[in-house]
């Protein structure tokens, strides 16, 4: 499935009150010749309008905010880093309860109108209802502010398709990850910020028969020693382990490589042990390398240079994840 979080804007308490009262103030009942009955009908319609406007918004929030229990572990772990999941659940429960209370008091005050015989009592009931409604919504303000912050964070999460066959491209900086992603995908890749880092993930897609395949490039994320990361950044990156798929780890043994074999092996072992043990070792930049070291060796700069890897990804070739000859 794809987690496209289409959460509506979370209105503050005063905004809900103003919007509800504004709609109610526009209601006039011209059809009753009897003044008392006309005012009673206006008050009833205004109560119903306030209930409709406010509860529609509150119910939409409860429905559109994602359920933690039904959320994919990748997203759940990222959300858990940002805010208290228990507080999140309590906040949505409070919004739901407030909506139910507004519906309850609306029914209660409409019932109180029925025996009323004069305009003064009808208006008194309306003012009392307005007061109770405003009190319920005002009590919700801190909860709504909290949910507004949650919405802003959730909407920034990268849209990773957790239902697709996925390859995550990793390796030291400047080993050719972005070039490989561009060569393996068809449409223009999507760029999304990654939580708790200053980096982006780049997501591209391709087709293999009727199957869609997802590729994720992780520049600045899966390309450095975990010891260089602070704890929250490390935990955010460790969330990637919940994305089912394979890692394509690029090794650069070319004359232009900026890193030693030992440095690259160290990062490889960290990713294998902490993110995903299902790794395809791939030697890149074969055209400017003096030797072939890995079983799978590619180059994006020569014709058919990607065939060894493309056969594995698109044609179901056998993978020797041990990698070396």
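Hey, could you check the stretch 28-51 for residues that are surrounded by 15 or more Cβ atoms within 10 Å (Cβ to Cβ) and without any contact (Cβ under 8 Å) to a residue 24 or more places away in the chain and say which is nearest to the chain's Cα centre (by Cα)? So the residue we want is 45.
At least 2 residues that are in the same structural domain as residue 149 (by TED's automatic domain parsing) and closer than 30 Å to residue 231 by Cα in each: list the helices (runs of 4 or more DSSP H) lying fully within the stretch 1-109 that qualify.
Numbers: elements: 13-25, 35-64, 73-82.
Here the list reads 73-82.
Quick one: in the stretch 137-161, of everything that is surrounded by fewer than 16 Cβ atoms within 10 Å (Cβ to Cβ) and in a loop (DSSP other than H, G, I, E, B), which residue is modelled with the highest pLDDT? If we take residues in the stretch 137-161 being surrounded by fewer than 16 Cβ atoms within 10 Å (Cβ to Cβ) and in a loop (DSSP other than H, G, I, E, B), then 139 is modelled with the highest pLDDT.
Pull up the stretch 192-204, narrow it to residues that are in contact (Cβ under 8 Å) with a residue 24 or more places away in the chain and in contact with a strand residue (DSSP E or B) (Cβ under 8 Å, 6 or more places away or on another chain), then point me to the one that is nearest to residue 80 (Cα to Cα). Show your work before the answer.
Looking only at the stretch 192-204, we keep the residues that are in contact (Cβ under 8 Å) with a residue 24 or more places away in the chain, and these are 192-197, 201-203.
If we keep only those that are in contact with a strand residue (DSSP E or B) (Cβ under 8 Å, 6 or more places away or on another chain) too, we end up with 192-194, 201-203.
Numbers: 192: 19, 193: 17, 194: 15, 201: 20, 202: 23, 203: 23 Å.
The selected residue is 194.
Among the strands (runs of 3 or more DSSP E) confined to the stretch 162-281, the ones with at least 2 residues that are loosely packed, with under 14 Cβ neighbours inside 10 Å are located at 190-193, 200-208, 211-217.
When restricted to residues that are buried (at least 16 other Cβ atoms within 10 Å of the Cβ) and modelled with pLDDT under 95, the stretch 6-23 contains 1.
The values are calculated or read from the model by the stated rules, or taken from the named source; none is laboratory data. The shown structure was predicted, so the numbers you read here are calculated from the model rather than taken from an experiment. Cβ coordinates were reconstructed from backbone atoms using ideal geometry, including for glycine residues, and neighbour counts include every protein chain displayed.
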